[in-house]
Amino acid sequence: MPPLLPRVRFAPSPTGYFHVGSARTALFNWLVARQTGGTFVLRIEDTDAERNREEWVDGILTALHWLGMDADEGPYRQSLRMDRYHEAIDALWDAGLLFACGCTHDEVTARNKEAGILTPGYDGHCRTLALPRGEGRALRFRTPDEGVTIVPDVIRGDVEFPCTAMDDFVAVKGSGAPLFVLANVVDDIDMAITHIIRGEDLLPTTPRCILMWEALASIGWTTDGTVGELGAPTPGMPVFAHLPMLVNEARKKLSKRKDPVAVESYRDEGYLAEAFVNYLGLLGWSPPNDEAEVFSAAQMIEWFALDDVNNSPAFFDVAKLRHMNGEYIRAMHTADFIDACRPWLTGDSVPWPEGGFDEEVFVAMAPVLQERVAVLSEVPAMVDFLFLDTPEFDPESWAKAMAGDEAAGAILDAAIGAYGSLANDWTSASLHAATLAVAEGAGRKLGKAQAPIRIAVTGRRVGPPLFEALEVLGSERTLGRLRSAAALLAAGGTPSE
Ligand code: GLU
Ligand code: ZN
């Protein structure tokens, strides 16, 4: 038989936006498939009809595509495999590996309390009652009373779970619906999965999965068709790797509510897929030569090793991701940068009126923008002054550096005078020199003298490099704006009036 090529799977539940932790899990699976010539399977674990939504499924597919990690196989849908789970349930039942239980949660708790047992969990009450199936009874999996279940984990070594700490868990709900462990393991067997690479949050569930796997193997359900024996090493048991959890600045597990965890929002903010994938690769792993932090997916495929993954929590550092994205933007060919900006320059949300956009002007401005922005969504606010008839004044900027600066009027007047004589030499270099002279005259550092000029022309205190911006805007519009702002300021007006 030829050696088995790895078959890995990414098995998200479509219960919300695509989480950065899921994206990292998908990436590490994808890397293993790509570096071995194996297969990357996508399985949608959508058995929970109440929490699943079709739009989240679309979100998963779109995000994977955006990240360049389309699946080789699938998406399989658990919701379409119910018949198969019921086959497995019947087989396990017939082999005596499940038992029916009609106890309610409250009944179990009350019995535990009476017996002085503080650890919650099922007390085994119905194990020997041989209750028939049906009548709304759940089916529990009979777990061993003693010994340990070992999870051999590539990242963490052997993790031992004493069987005494594991109760007879519910595998099938009273309604007949299979629960996570059953569907998950049946699928991993049917899909001949060789490596289970998933988040650390699932580690406590893995001993149950292993017991389920062994039980199914003992009745002939194996990836390679061989029949194992209960308790004996199971043929075809996959390799496990539980990836370290992602934490925030406070070293707390990333919270869906408080932390920015939706991959979609990064895409919409103008992160580049390549930068995002690069950053994901650093969450729990680093390349062997260690100093390289910026690397391509191709390099990652070459360098990645599952057993080099770390077992301590990984800090999801948005500031670092942002910085890395800026580096990727600066490394682009300007033509590619211009193309990448396109989605942010069109559509309903652009700040300039229809027809206001001027391609040539944008292209002239692009090189300095590329030096400045960290994410592409910052681009419109950097160029809107070029495409608006009059700049959109930011009230706070005006209050601070115009109305709130007694020298602002004099600086504007001096700039009008100095720039007025530049008409035939309207370049960023001569504008720079002229502004230096204005600053000197006002007894200011260049940076401080720029503020009123920048606000008069762009509407804001922050923006693109000023002299390049003025050059692209042209002498006529620049002088016109300086004059209007100077007049407004002299009249004591504020831009909102
Ligand atoms: N569907 C599970 C989840 O989204 C993951 C299952 C697995 O990877 O085994 O948490
Ligand atoms: Zn019971």
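Observations on the model:
- The chain, helix-only ellipticity at 222 nm - DSSP H runs n ≥ 4, -39,500 (n - 2.57), divided by all residues, nearest 500: -13500 deg cm²/dmol
- Compactness relative to 2.2 N^0.38 Å, alpha carbon Rg of segment 155-208: 1.28
- Mean Cβ neighbour count within 10 Å, used as a protection proxy, ranking 132-139, 212-219 highest first: 212-219, 132-139
- Fraction of the pair-distance distribution of segment 340-497 above 18 Å, Cα-Cα pairs, percent: 57
- Separation of alpha-carbon centers, segment 369-444 and segment 26-44, rounded to whole Å: 52
- Taking a quarter of the surface of the Cα convex hull of segment 237-376 gives a mean projected area of 11.4 nm².
- Peptides 166-177, 335-346 ranked from most to least packed by the mean count of surrounding Cβ atoms within 10 Å: 166-177, 335-346.
- Using the Cβ-Cβ distance between Arg51 and Cys163 with R0 set to 30 Å, the FRET efficiency from 1/(1 + (r/R0)^6) comes to roughly 0.45.
- Computed with the Debye formula from one identical point scatterer per Cα of segment 349-392, without solvent, the log10 of I(q)/I(0) at q = 0.17, 0.24, 0.26, 0.33 Å⁻¹ comes to -0.45, -0.87, -1.00, -1.29.
- Computed from Cα atoms, the angle from the helix 408-420 axis to the main principal axis of the chain rounds to 70 degrees.
- By the Stokes-Einstein formula, at 1.306 mPa s and 10 °C, segment 1-145 with its Kirkwood radius over alpha-carbon pairs has D equal to 85 µm²/s.
- Stokes-Einstein translational diffusion, the chain - Kirkwood Rh over all Cα pairs, 1.567 mPa s, 4 °C, in µm²/s: 48
- Annotation: cysteines of the chain without a disulfide-compatible partner (Cβ-Cβ under 4.7 angstrom) are Cys103, Cys163, Cys209, Cys341.
- Cut-off 13 Å (backbone N to label point 7 Å along Cα→Cβ of Glu371), residues of segment 324-349: 330
- Relative to its residue count, segment 266-345 spans a Cα convex hull of 102 Å³ per residue.
- Arg111/Asp201 FRET efficiency (R0 25 Å; Cβ-Cβ; nearest 0.05): 0.25
- Value of D in µm² per second that Stokes-Einstein yields for segment 66-188, Kirkwood Rh from Cα pairs, at 20 °C (1.002 mPa s): 128
- Computed log₁₀ I(q)/I(0) - Debye formula, equal Cα scatterers, no solvent, segment 119-203, q 0.13, 0.15, 0.17, 0.19 Å⁻¹: -0.56, -0.74, -0.92, -1.09
- Degrees, to the nearest 10: 359-372 long Cα axis against longest axis of the chain: 70
- Measuring only protein heavy atoms, the 1.4 Å probe finds Tyr17 accessible over about 150 Å².
- Gain on full stretching of the segment that runs from His65 to Val154 - 0.36 nm per residue minus C-alpha separation: 29.2 nm
- Ranked by the mean number of other Cβ atoms within 10 Å of their residues, highest first, the peptides 250-258, 358-366 come out as 358-366, 250-258.
- Projected label points at Ala433 and Ala331, each 7 Å from Cα along the beta carbon direction, are separated by 3.8 nanometres.
- Relative to the globular-protein estimate of 2.2 N^0.38 Å, the Cα radius of gyration of segment 106-255 stands at 1.16.
- Surface composition of segment 299-440: carbon plus sulfur atoms hold 51% of the accessible area, using a 1.4 angstrom probe and ignoring ligands, DNA and RNA.
The values are calculated or read from the model by the stated rules, or taken from the named source; none is laboratory data. Note that the coordinates shown come from a computational prediction; the quantities given were computed from them, not determined experimentally. Using ideal geometry, Cβ is built from the backbone for each residue, glycine included, and neighbour counts are taken over all protein chains shown. Just so you know, the surface numbers come from the protein's heavy atoms only, side chains and all, with ligands and any DNA or RNA stripped out. Shrake-Rupley method; radii C 1.70, N 1.55, O 1.52, S 1.80 Å.
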